[in-house]
Amino acid sequence: MNVKNILKSNAIWLVFILEVIIFAIASKGAFIRTGNIINISRQVAYYGIASIGMTFVILIAGIDLSIGSIITLVNVVCAFLMVNLGVNMWIAILISLLLSTAIGILNGFMVATIGIPALIATFASQTIFEGASYLISGGRPISGLPETFALFGRWSVGIIPVCTIIMIVCFAIGSFILNKTYFGRYFYAIGGNEEAAELSGIRVNRMKYLIYALSGLFAGLAGIVLLSRSNSAQSTVGKGLEFDVITCVVLGGVSVNGGVGRISGVVAGVLIIGCLTNGMILMDVSEYTQMVVKGVGLAIAVGIDCLSKKRQTT
Amino acid sequence: MSEEYVLELEHIRKEYPGVVALKDVTLQLRPGEVLGLIGENGAGKSTLIKCCSGAVIPTSGKIKINGKEFERMTPQLAAENGIAIIYQEFNNVGELSAAENLFLGRPIRNGIMIDRKAMEEEAAKAFAQLQIKINPKELVKNLSVGYQQMIEIAKAIQQNAKVLIMDEPSAPLTTNEVENMFKVVELLREQGVSIIYISHRLEEIFRLSDRIEVIRDGEYVTTLITPEATVDELIKLMVGREMTQKYPEREPCIDKNKVVLELKHVSGNGDKDMNLKIHAGEVLGLGGLVGAGRTELAEVIFGSKPKESGQIILNGKEINPRSPREAIDLGIALVPEDRKRHGALLTNSIKNNINMPIYKRISNASVIRSAIEKSNAEKYRKEIQIKCPTVNQLVKNLSGGNQQKVILGKWLAADSQLIIFDEPTRGIDVGAKYEIYKLINDLVESGRSVLMISSEMEELIGMSDRIIVLAEGEMTGELQKEEFDADTIMAYASAIVDKEMGGSTR
């Protein structure tokens, strides 16, 4: 591999470095102070975790719009179990993660067995479970979580937040699945060509169940981290989060056409969005402007992906 | 014949990063002639015609239309100057009518309204000019592939095309449709249209063309007057080496005592009452017309489509594979007809393709044992001579013949005992065909069995030990090696043999 290729395949990291330099200069150094960097790592943790499941889904040319709702539901259910029913923290977490995984399996059922397009199937469950979380909470925030629950979102080991460690472990697991296990090979094969994958002996439908279940599980974990950070459960907390996560994944070079992408790219995507949000807040840019900037970023990222594909074919 | 040329390509060169697709190709097309363009896969035919249409911009060289030189060809310029290309994939919209497709993108309008009636009248005229019977109101999705192609041709003629470039036009067609297409080509020639006809099937080139241009490895080789050329000569020119025979010799290796696969009254997926036996070391040919139910039978055996009734017996045990996975684990493999859609995983590496069916087997607690993965790929790369710089190369960058080898390597790695080939050499050039045949021989010589579906009569006769013929989902005849005869097979395939005769061969 020559220098040009190395630069090309890591272009996203160059963008990230450039971004950091710009914010560092514009904020007169405030952006790169240790405290702020720790802060960013804490802020990105929950969507970083959720982005791993989404990476798998997009790799097989699917989409999961339900993860925002899953995050909300996990917030509400976990808090409800602990606060209203007095359930032990660990058991509440276990039930919440099982629930989020079950929702993923339901998505898998709709997509693989029934054959509903992923966009519509997961949109339906998004609506269902957003509604369900309002039904459970009655629209009121649930607070008064156990002291120790702060572990996942607010405690640190030394200076490194626990949620950052959880995210790093999740990224490592995601990368391991994609690169070292046969499931990873299957995902890339299905994303490249579903029919040929089936005819090569991959049980494509089973893999879809697995992938949507994993997407649900990672979203559930993200929900736990977010609940711990915000210390109270609200039925609006996960609204629209799926778009942030999709932006990170696509920005990280995972092709929406399926079959192409790496976890390392997604890490960069998560960091870029995280720094963008933090940097703009630091510089007092309004939330609406932030939305515009993120949307433009998403369009450019996908545009570059599509253009490079076009150039390959002519 | 006039010495003026309608289309001239002079010293066309096209470089891609790292590859030279065309080194130096010259082509001259006379008015009202059919020029056959032949060359092995990867010789640069497709790139060359894309240069004509402006889809690809040559690195150097000149393009002249009617003597006028064009600095830079664009798709619009090509169309305005009467150049049209009929690709293998059509640009029709299935949900629109034949007439609407003919005027796609430039509808006849009456104010802001589409003048459907005028379009239908014009379409009827265009179809009449080609002497084809298509109802302009018919939705294109209801038309056969042959008619859809005719709409493409009619569209080109309607837009005043003077040069028609046809890329493997017979590939998707049935025998009857091919005949109709030939008639249209001949009619167009009479009407003064110049045609560049690209095909792997040399008999078509001989039948239709006035002259034949051969290119090899991106370079112009020669142009011959068709009546003066011979098949052997053309093959030699295309491959650049002497081809002694088309089908390699095979050691007799059939074990008549060992029935590997037996079908008893198997029905399903459109086929009725299939009965056949395949022995160890045997190549059983499956003949018939396109749509006779051969691929459908393969799908049932391979578990990708369910059977409705009957028994499938593998090595003496009844099996009922309900998915390709189950069939693969039983030692059955399928090399499908449509390599790019169903066979190879184009965006995956050679290594991943070869190991795909056995990843679970070579994994330890889900973790792939990468040393085995690598050595597997290297083993089959060597054994079946897949030409590639490394096994990490993506399969989409390989030629058709090498892609086919990768698919075969995958099934060898999976230790398949019965290998079903559906049109094993479709779209594969002459040189690579011979290699595929040799590999099929290796398979049966090592005791494996092969079921080979083929629409190429010569291939069927040249490669099979025995031939079973299907027509409309039923078995119509069986021929032993000494009975092989193209006319008999054709007769069974068209189901024009009376029932009694068909019955006696069972």
Of all the residues that make up region B:411-432, how many are assigned to a helix (DSSP H, G or I) and touching a residue at least 60 places away in the same chain (Cβ under 8 Å)?
4
Test: B:Ser363 is buried (at least 17 other Cβ atoms within 10 Å of the Cβ), without any contact (Cβ under 8 Å) to a residue 12 or more places away in the chain and either within 14 Å of another protein chain (Cβ to nearest Cβ) or of a type in the set (S, T, N, Q) (or both):
yes
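For a quick check of your reading: which strands (runs of 3 or more DSSP E) sit entirely within region B:1-93 and have at least 2 residues that are more than 29 Å from the chain's Cα centre (by Cα)? Give the steps one after another, and end with the answer.
Details: elements: B:7-16, B:19-29, B:34-38, B:60-65, B:68-70, B:83-86.
Here the list reads B:7-16, B:60-65, B:68-70.
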Some residue of region B:321-336 being under 28 Å from the mean Cα position of the chain (by Cα), of a type in the set (Lys, Arg) and more than 9 Å from chain A (Cβ to nearest Cβ)
no
Can you name every residue in region B:94-130 that is in a loop (DSSP other than H, G, I, E, B) and in contact with a Lys or Arg (Cβ under 7 Å, 6 or more places away or on another chain)?
B:Gly94, B:Glu95, B:Asp115
Cβ pairs under 7 Å, 6+ apart or interchain, first in region A:279-306 and more than 27 Å from A:Arg33 (Cβ to Cβ), second modelled with pLDDT of 85 or more and not basic (Lys, Arg), ordered by first then second residue, are A:Leu298/A:Thr247; A:Leu298/A:Val250; A:Leu298/A:Leu251; A:Ala301/A:Val250; A:Ala301/A:Leu251; A:Val302/A:Val250; A:Val302/A:Val256; A:Asp305/A:Ser255
Only one of (1) under 29 Å from B:Leu286 (Cα atoms); (2) more than 10 Å from every other protein chain (Cβ to nearest Cβ) is not met by B:Ala344, so which one is it?
(2)
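Looking for something farther than 30 Å from B:His265 by Cβ and either in the same structural domain as B:Leu408 (by TED's automatic domain parsing) or in contact with a helix residue (DSSP H, G or I) (Cβ under 6 Å, 6 or more places away or on another chain) (or both) - is there at least one such residue anywhere in region B:332-339?
Step one: filter region B:332-339 for residues farther than 30 Å from B:His265 by Cβ, giving B:339.
In the following step, the residues that additionally are either in the same structural domain as B:Leu408 (by TED's automatic domain parsing) or in contact with a helix residue (DSSP H, G or I) (Cβ under 6 Å, 6 or more places away or on another chain) (or both) were identified as B:339.
The answer is yes, given that some residue of region B:332-339 is farther than 30 Å from B:His265 by Cβ and either in the same structural domain as B:Leu408 (by TED's automatic domain parsing) or in contact with a helix residue (DSSP H, G or I) (Cβ under 6 Å, 6 or more places away or on another chain) (or both).
Looking only at residues that are of a type in the set (A, V, I, L, M, F, W, C) and part of a helix (DSSP H, G or I) in region B:296-321, which one is surrounded by the most Cβ atoms within 10 Å (Cβ to Cβ)?
First, pick out the residues of region B:296-321 that are of a type in the set (A, V, I, L, M, F, W, C): B:297-298, B:300-302, B:312-314, B:319.
If we keep only those that are part of a helix (DSSP H, G or I) as well, we get B:297-298, B:300-301.
Numbers: B:Leu297: 30, B:Ala298: 23, B:Val300: 26, B:Ile301: 24.
Taking the candidates together, the pick is B:Leu297.
Has region B:411-419 got any residue that is modelled with pLDDT of 90 or more, of a type in the set (Val, Ile, Thr) and surrounded by 20 or more Cβ atoms within 10 Å (Cβ to Cβ)?
Here is the first cut: in region B:411-419, the ones modelled with pLDDT of 90 or more are B:411-419.
From what is left, the residues that are of a type in the set (Val, Ile, Thr) are B:419.
Cutting the leftovers down to surrounded by 20 or more Cβ atoms within 10 Å (Cβ to Cβ) gives us B:419.
Scanning region B:411-419, I find at least one residue that is modelled with pLDDT of 90 or more, of a type in the set (Val, Ile, Thr) and surrounded by 20 or more Cβ atoms within 10 Å (Cβ to Cβ), so the answer is yes.
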Scanning for something assigned to a loop (DSSP other than H, G, I, E, B) and within 14 Å of another protein chain (Cβ to nearest Cβ), does region B:371-389 turn up at least one residue?
yes
Tell me, yes or no, whether region A:212-229 has at least one residue that is part of a helix (DSSP H, G or I), modelled with pLDDT of 95 or more and within 14 Å of chain B (Cβ to nearest Cβ).
yes
If B:Arg426 satisfies every condition in (1) modelled with pLDDT of 90 or more; (2) within 30 Å of B:Arg381 (Cβ to Cβ); (3) among the basic types (Lys, Arg) but one, which is the exception?
(1)
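Hey, does region A:175-184 have a residue that's within 14 Å of another protein chain (Cβ to nearest Cβ) and closer than 30 Å to A:Asn36 by Cα?
Taking region A:175-184 first, the residues within 14 Å of another protein chain (Cβ to nearest Cβ) are A:175-184.
Pick out the ones that are also closer than 30 Å to A:Asn36 by Cα and you get A:175-176.
Yes, region A:175-184 contains at least one residue that is within 14 Å of another protein chain (Cβ to nearest Cβ) and closer than 30 Å to A:Asn36 by Cα.
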Which residue is nearest to the chain's Cα centre (by Cα), if the candidates are limited to region B:106-163 and must be farther than 21 Å from B:Val185 by Cβ and surrounded by 19 or more Cβ atoms within 10 Å (Cβ to Cβ)?
B:Val140
Condition check: β-branched (Val, Ile, Thr) and at pLDDT 90 or above. Does A:Ile300 satisfy that?
no
Go through region A:38-76 and give me each residue that's closer than 12 Å to A:Phe243 by Cβ, among the β-branched types (Val, Ile, Thr) and surrounded by 24 or more Cβ atoms within 10 Å (Cβ to Cβ).
A:Ile67
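With the requirement that a residue be among the hydrophobic types (A, V, I, L, M, F, W, C) and either within 21 Å of the chain's Cα centre (by Cα) or more than 14 Å from chain A (Cβ to nearest Cβ) (or both), what does region B:412-442 give you?
Step one: of region B:412-442, the residues among the hydrophobic types (A, V, I, L, M, F, W, C) are B:412-414, B:418-421, B:428, B:430, B:432, B:436, B:439-440.
Correct list: B:Leu418, B:Ile419, B:Ile420, B:Phe421, B:Ile428, B:Val430, B:Ala432, B:Ile436, B:Leu439, B:Ile440.
Can you report the number of residues in region B:145-177 which are more than 21 Å from B:Glu456 (Cβ to Cβ) and assigned to a loop (DSSP other than H, G, I, E, B)?
Here is the first cut: in region B:145-177, the residues more than 21 Å from B:Glu456 (Cβ to Cβ) are B:147-148, B:150-165.
The next check asks that each one be assigned to a loop (DSSP other than H, G, I, E, B); those that pass are B:159-162.
The total comes to 4.
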Any idea which residue in region A:187-203 is farthest from B:Val367 (Cα to Cα), counting only those that are within 7 Å of chain B (Cβ to nearest Cβ) and in a helix (DSSP H, G or I)?
A:Glu195
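Tell me, which helices (runs of 4 or more DSSP H) lie completely within region A:1-65 with 2 or more residues that are closer than 30 Å to A:Ala112 by Cα and out of contact with any His (no Cβ under 7 Å at 6 or more places or on another chain)?
On the way: elements: A:3-9, A:11-26, A:34-59.
The qualifying helices (runs of 4 or more DSSP H) are A:34-59.
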Which members of region B:180-192 meet the condition of being at pLDDT 90 or above and not in a loop (DSSP other than H, G, I, E, B)?
B:Met181, B:Phe182, B:Lys183, B:Val184, B:Val185, B:Glu186, B:Leu187, B:Leu188, B:Arg189, B:Glu190
Being touching an Asp or Glu at 6+ places or on another chain (Cβ under 9 Å) and within 8 Å of another protein chain (Cβ to nearest Cβ) is the filter; apply it to region B:347-356 and report the residue that is surrounded by the fewest Cβ atoms within 10 Å (Cβ to Cβ).
B:Asn352
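Quick check on region B:366-373. Is at least one of its residues of a type in the set (A, V, I, L, M) and within 19 Å of A:Leu199 (Cα to Cα)? I'd like the intermediate steps shown before the answer.
Within region B:366-373, the first condition is being of a type in the set (A, V, I, L, M), and the residues that meet it are B:367-368, B:371-372.
Subset that is within 19 Å of A:Leu199 (Cα to Cα): none.
No: zero hits.
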Somewhere in region B:433-444, is a residue of a type outside the set (S, T, N, Q), at pLDDT 90 or above, out of contact with any Cys (no Cβ under 6 Å at 6 or more places or on another chain) and closer than 20 Å to B:Lys340 by Cβ?
yes
Six or more apart or on different chains, Cβ under 6 Å: which pairs go from a residue in region A:23-37 that's in contact (Cβ under 8 Å) with a residue 12 or more places away in the chain and closer than 17 Å to A:Leu271 by Cα to one that's of a type in the set (Gly, Ala, Ser) and assigned to a helix (DSSP H, G or I)? Could you list them?
A:Phe23/A:Gly279; A:Phe31/A:Ala24; A:Phe31/A:Gly279; A:Ile32/A:Ala24
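The values are calculated or read from the model by the stated rules, or taken from the named source; none is laboratory data. Everything numeric in this text was worked out from a predicted model, so none of it was measured. In this analysis, Cβ positions are derived from the backbone assuming ideal geometry, glycine residues included, and neighbour counts consider all displayed protein chains.
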